[in-house]
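Only one structure is covered here, and it is reproduced in the block below.
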Amino acid sequence: MMTEFFRKLRQASIPVTLTEFLTLLEALNQRVTTHSIEEFYYLARATLVKDERHYDRFDQVFGSHFQGLETRFGEVVGATVPLEWLRKLAELTLSEDDKALIEALGGWEKLMETFAQRLAEQEGRHQGGNKWVGTAGTSPFGAYGYNPEGIRIGQDTSRHRRAVKVWDRREFRNLDDTVELGTRNIKVALRRLRRFAREGAAQELDLDDTIRSTARNAGYLELKMVPERHNAVKVLLFLDVGGSMDDHVRACEELFSAARGEFKHLEYFYFHNMIYEGLWKDNRRRYTEKIETLTVLRTFGADYKLILVGDATMSPYEITYPGGSVEHFNPEAGDVWLNRLLDIYSRAIWLNPQPQNRWSYVPSIQMVRELMGDRMYPLTLEGLEQGIRTLQRAR
Amino acid sequence: MSQTRFRGTDRYVATDDLMMAVNAAVTLGRPLLVKGEPGTGKTQLAEEVALALNRPFIQWHIKSTTKAQQGLYEYDAVSRLRDSQLGDARVHDIGNYIIKGKLWEAFTHELQPVLLIDEIDKADIEFPNDLLLELDRMEFHVYETQQLVKARHRPVIIITSNNEKELPDAFLRRCFFHYIRFPDPETMERIVRVHYPDLKKRLLSEALEAFFEIRDVPGLKKRPSTSELLDWIKLLVAEDIPPEALRGDAHKLIPPLHGALLKNEQDVHLFERLLFMSRRKKD
């Protein structure tokens, strides 16, 4: 039975290894648990699962294996009941009397059978009422309702604290998201950009130099100190805001906050669609407090690394023609400005929040990409890592 | 080896699954890796395990500059060099310049100690890999003195992580793992009771309600956790805030002393804005 369980866990792509499985058997041998299944569940989880993201999947496998429950479900439902049906919309409050009034339907077997039947009959989401599968009703199937012998589907906690096994509660559901861009991940990726340099007060012992100087000093000790290492990388971040960028606000926010935490020398400016003669630092005062792009270029030297973030989705005129901007009359075209930027900052990349497979359908993305010399990367963790590598390489 | 089971202490409320993970790690002598939101008592767990099982407690706090070798031992070449210049007799015994690390200390302790390796994810990515053999076999070799340090008793090792870096698989395979979930309202009530046994029932329930309400505000940058709740209640008690202040108008008023719960000015703004909006809706 145990090897079968192990096999199923691997099938559910939880990375369990033989060592861990043997550890579990050893723990059982040493009588870490008494004979309760709940304790066994906790033990198995602590031994076999090493990441909270896999808790939910583990709960499902455990439930199916040790209850023979999900196999019955599986045949009928296929995978799972669509969560959308069961989304928390309303709650039903029943008095104790009401609860007593609701009588149980047949036995467990019968309940399962009827459930399968109902699912087959039912189409769409359902709420309230007393027959269909859904939320807040008194049908035995669904969540947030009450029926003494009910089957609960997709409910986060046990509302009435009845007849629920821990693993069936699946409390770890929201931890099991296949990782997207989180600030943490971005920070780790950005960390690669670090370049350490020694400046400031000499506080660290330089062992190599000490040995060399001592030897030169006829064996008399001569201590040499060097300044501590600091992250000396300088980053210039240009962010596209407004318009089509609204869909990507979250990803950009995350990138921005991660970058701000990671670099001491970070300068950021906003632009709209394309770089022209003016940039701004505060979106609320973008019309009154414009900074001339030329000033920015003069202020920050060529040792800055340039990261442009934008979806580059616009009309081609905005790139190639003077006066093409959607917002104002620009005396010089966007590509002139972008080239001017690239002339100064040889280490530059463009991060694009648009999915990469859509790039080829948007002419303006193609144009910007060409201008950037192909240094455009999608705003995903992978793209960011590639981009950072480019930033380090290019000289 | 005394084989008592860990059941939480009178200062620390442990859930069933946590107890099981600790007991399994203690029985099999393997490290226990604990993860969870900041402020859910990961570090405290080790102290409490030591206290409950009556074992000595050794803490090794990891920083971004910590090397695995520092946990074993360090060879102080510089002071030996200096002593040789001064003609100190100590210089002939290299053992005088070996500084024991926390792991060495734990391995050679008379009683089986509890060793806390705190915030392992702060260290370099290779750090856990460098400790694999040491944690597995509980022994290591001192190169300078050709000496083998072997654990007298396998120490109970508790490792905490804040998830800043992924830990290598080989390392994970050797540990038990537990994720401290954020406590549900009932457990939370027990936790607060443990810390403030004399707290008035009403103040407690009002405070808990306000606390979980704040936690539920969508989009908070840093959601308050257990340790923040405890701090807040301490303040409430110290300032003698009546339960009424937290009560009823909770939807209209920002709770008193909210600085203990919300640690970020953006969060405070967000919270205020939401309150403002809900107030306008009601009027």
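The values are calculated or read from the model by the stated rules, or taken from the named source; none is laboratory data. Computed from a predicted structure; not experimentally measured. We place every Cβ from the backbone using ideal geometry, glycine too, and count neighbours over all the protein chains shown. Ligands, DNA and RNA are stripped out before the accessible areas are found, and what is left, the full protein with its side chains, is counted by its heavy atoms. Shrake-Rupley method; radii C 1.70, N 1.55, O 1.52, S 1.80 Å.
Of the beta bridges in segment B:1-122, as assigned by DSSP with both residues counted there, near 45 percent are antiparallel. D by Stokes-Einstein for segment B:1-90, Kirkwood Rh over Cα pairs, 4 °C, 1.567 mPa s: 79 µm²/s. Here the extension length gained between A:HIS328 and A:ARG229 equals 31.0 nm, from 0.36 nm per residue of separation less the Cα-Cα distance. For chain B, the Kirkwood estimate of the hydrodynamic radius, built from every pair of different alpha carbons, is 21.8 Å. Return the whole-Å distance between the Cα centroid of segment B:69-106 and the Cα centroid of segment B:33-60. First find each Cα centre; the distance between them is then 31 Å.
For segment A:238-352, the extents of the C-alpha atoms along the principal axes are 38, 32, 27 Å, listed from largest to smallest.
Amide H to amide H, with H built 1.01 Å from N, B:PHE176 comes under 5 Å of B:LEU32, B:LEU33, counting only residues 5 or more places away or on other chains. Here is the tail figure for segment B:164-217: Cα pairs spaced more than 17 Å apart come to 54 percent of all pairs.
For helix B:226-239, report the angle its Cα long axis makes with the longest principal axis of the Cα atoms of chain B; keep it between 0 and 90° and round to the nearest 10°. So the helix axis and the longest Cα principal axis differ by about 60 degrees. Among the chymotrypsin sites (Phe, Trp or Tyr not before Pro) in segment A:214-280, those located in a DSSP loop and surrounded by at most 15 other Cβ atoms within 10 Å of their own Cβ are A:TYR220. Among the chymotrypsin sites (Phe, Trp or Tyr not before Pro) within segment A:1-67, not one is in coil by DSSP while having at most 13 neighbouring Cβ atoms inside 10 Å.
Could you calculate the FRET efficiency of B:ARG11 with B:LYS263 from 1/(1 + (r/R0)^6), where r is the beta carbon distance between them and R0 is 30 Å, rounded to 0.05?
In this case the efficiency is close to 0.80.
For segment A:8-58, the fraction of C-alpha pairs more than 15 angstrom apart is 44%. Spin-label model, B:LYS150 to A:ILE344: label points 7 Å out along the Cα-to-beta-carbon direction sit 6.7 nm apart.
At the residue level, B:PHE127 shows approximately 10 square angstrom of accessible surface with a 1.4 angstrom probe and all protein chains present. Label separation (B:LEU199 vs A:GLU26): 4.1 nm, computed from points 7 Å beyond Cα along the C-beta direction.
Simple point charges give the picture: +1 on the Cβ of Lys and Arg, -1 on the Cβ of Asp and Glu, and for segment A:307-350 a dipole about the Cα centre of about 160 debye. Seen against the Cα atoms of chain B and their longest principal axis, helix B:265-282 is set at about 20 degrees. Which part of segment A:211-246 falls in the paramagnetic zone of A:GLU289, meaning amide N under 19 Å from the point 7 Å along Cα-to-beta-carbon? Within reach of a label on A:GLU289: A:237-242.
Take the Cα pairs of segment B:79-144, get the Kirkwood Rh, then feed it into Stokes-Einstein at 20 °C and 1.002 mPa s and tell me D in µm²/s. Rounded, D is 146 µm²/s.
Partner chain Cβ atoms within 10 Å, averaged over the residues of B:174-183 - can you pull that number for me?
Values: counts 4, 5, 10, 11, 5, 10, 1, 5, 0, 0.
Across B:174-183, the average partner-chain Cβ count within 10 Å equals 5.
Run the simple label-point estimate for B:ASP136 and A:SER360 please: 7 Å along Cα→C-beta, distance reported in nm. Output for this residue pair reads 4.7 nm. Pairs from the table (A:LYS290/B:LYS263; A:LYS264/B:LYS234; A:LYS224/B:LYS150; B:LYS67/B:LYS222; A:LYS50/B:LYS263; A:LYS264/A:LYS290) lying more than 27 angstrom apart at Cα are A:LYS290/B:LYS263; A:LYS264/B:LYS234; A:LYS224/B:LYS150; B:LYS67/B:LYS222; A:LYS50/B:LYS263.
Considering helices alone, the calculated mean residue ellipticity of chain B at 222 nm is -12500 deg cm²/dmol, with DSSP H runs of length four and up weighted by -39500 (n - 2.57) and normalised per residue. Please tell me the relative contact order of chain B in percent, rounded to the nearest whole number, where contacts are Cα pairs under 8 Å and at least six residues apart. Relative contact order here is 22 percent.
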